[in-house]
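> The structure that follows is given in the form of structure tokens.
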Amino acid sequence: MAHHTIKSSYKKLEERLNRFPQGAPPSETLYKILKILFSEKEAQLVAQLPIKPFTVETASKIWKMDRISTQKVLEDLAGRAILLDMDYHGDQKYVLPPPMAGFFEFSIMRTRGDIDQKLLSELYFQYLNVEEDFIKGLFAHGETQAGRVFVHEPVLSNENALHVLDYERASEVIRTAKHRGIGMCYCRHKMEHVGKACDAPMDICMTFNGAAASLIKHRYAREVGISEGLELLQQAYEYNLVQFGENVREQVSFICNCCGCCCEAMIAARKFGMLNPVHTTNFLPKIDEAKCNGCGRCVHICPVEAMTMVSANNPQRYEKKKAKLHEDICLGCGVCVRACPTKALGLVSRKERVITPVNSTHRVVMMAIERGMLQELIFDNQAFASHRAMAAILSGILKLPPIKQVLASKQMKSRYLEALITRFKV
């Protein structure tokens, strides 16, 4: 009976996590991961928490515990980076982050002795890189994805620079963030434990704003100023790492500096490239065939294998090769442009601009609609405990194009939601 109780606690937590728009498909491997990260009691409690940010009072009411005991549990979870504790307009609130980008990464963003990080890394590798259901759900479903690529700023021409908005620059995210945290790269740390890590810098994972403040407070990241943040960005450029960050315009919470061999986003982009698992930049590399000498450096350096070498069709030199771009899977990061020794590559604007959600609420609502999970978001525990929470989700819906608003309304099958969309339509 006791084993059944334990199993059911973790199964309930699995079900809870799978209600995020990204999802976390249940499996025996996920069960083993959760057993390392959560005690049975914690799994039971966390399974009841709302997806939206909540206060101590809210958790106390849900758990039917006194405030002091509730605070202690929440602080312990935040201290292990399972929850984030953040300031919301002067109010202390907690939020359960999704597994990714979230507490999966946080658990090995520093070296720690309270859990078996080698075993955890092996389980992550099995769940993410072998079983693939989670990664497919995270990166290959819907049009709106959790992350986007930032352009490699050193290769921008003066003309390119005119078309790059501030939120599209990693340097601007660093400059304008209220807090900047640097932690260990989850992806390379995981791969190190399974014997597959590369030699790219490890201490270079960037978090910002409220998420950074919480991770800094609990020593999962160290606080840095603007100058050190920009220096680390320059180091990432020199190692030809791709900047992959939260897919929002405002209050970006993270930017990973990704290598093609270890990082989940780049691996997913290679595996599921035609499904557009990552939001690209607004650029594509253009090849000047007259300057291309067929050296293949761009092919070697592209993290998603968007460049290949083909015959140059030169009757005098049958062996001569030239670079060819697969536009459908190109991220537009610009790493290849910097690497080209003959300056045969340059960036040009895509035909249509890539749309970036305004903020996390806008993105989550879009993801929920596309994945048929809007009702999960709206009827989440305590999600509508206040008119402000309702307004936040409605605001996200109102930012959508008309066809997506119709889809949202159909998913809800709610005259109330339809009336709200009609009433507040500008």
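The values are calculated or read from the model by the stated rules, or taken from the named source; none is laboratory data. Please read these numbers as outputs of a predicted model, since none were measured by experiment. Glycine also receives a Cβ, built like all others from the backbone with ideal geometry; neighbour counts cover every protein chain displayed. Areas reflect the complete protein model, heavy atoms only, side chains present, ligands, DNA and RNA absent. Shrake-Rupley method; radii C 1.70, N 1.55, O 1.52, S 1.80 Å.
> If I model a spin label at Gln48 and Tyr88 as a point 7 Å from the Cα along the Cα→Cβ vector, what separation in nanometres do I get?
1.9
> Can you give the accessible area of Arg222, probe radius 1.4 Å, in Å² rounded to 10?
About 90 Å², ignoring ligands and nucleic acids.
> Which trypsin sites (Lys or Arg not before Pro) in region 1-107 pass both tests, a DSSP loop state and at most 14 other beta-carbon atoms within 10 Å?
Answer by residue number: Lys64.
> Among the GluC sites (Glu not before Pro) within region 217-270, which fall in a DSSP loop and have no more than 12 other Cβ atoms within 10 Å of their own Cβ?
Within region 217-270, no GluC sites (Glu not before Pro) qualify (loop, at most 12 other Cβ atoms within 10 Å).
> Net charge around Gln48, counting only other residues with Cβ within less than 9 Å of its Cβ (Lys, Arg = +1; Asp, Glu = -1)?
+2
> Could you tell me how many cubic angstrom of Cα convex hull volume region 82-193 has per residue?
It is 169 Å³ per residue.
> Using a 1.4 Å probe, what is the accessible area per residue for region 35-191, in Å²?
Dividing the accessible area of region 35-191 by its residue count gives 41 Å².
> Another question, if that's okay. Go through Lys93/Lys136; Lys52/Lys399; Lys12/Lys217; Lys32/Lys118; Lys52/Lys190 and tell me which ones have a Cα-Cα distance over 25 Å in this structure.
Lys93/Lys136; Lys12/Lys217; Lys52/Lys190
> So what does Met309 come to for accessible area, using a 1.4 Å probe and Å² rounded to 10?
About 60 Å², rounded to the nearest 10.
> Hey, can you grab everything whose amide H is under 5 Å from the amide H of Gln243? Only 5+ residues off in sequence or another chain; H modelled, so Pro and N-termini drop out.
Residues meeting the amide H criterion: Phe150, Cys258.
> Here's a follow-up. Please say if region 175-274 is rounded, prolate or oblate, where rounded means a/c under 1.5 for a ≥ b ≥ c the square roots of the C-alpha gyration tensor eigenvalues, and otherwise the choice is prolate for a/b larger than b/c and oblate otherwise?
Since a/c reaches 1.5 and a/b is larger than b/c, the shape of region 175-274 is classed as prolate.
> Still on this structure, please answer the following. Need one word for region 169-224: rounded, prolate or oblate. Basis is the Cα gyration tensor (sqrt eigenvalues a ≥ b ≥ c); a/c below 1.5 gives rounded, then a/b vs b/c decides.
oblate
> Here's another thing I want to ask about it. Can you tell me the dipole magnitude for region 68-174 around its Cα centre, using point charges on the Cβ only (Lys, Arg +1; Asp, Glu -1), in Debye to the nearest 20?
For region 68-174, the charge dipole is close to 260 debye.
> Calculate, for Ser227 and Asp66, the FRET efficiency according to 1/(1 + (r/R0)^6) with r their C-beta to C-beta distance and R0 41 Å; round to the nearest 0.05.
0.35
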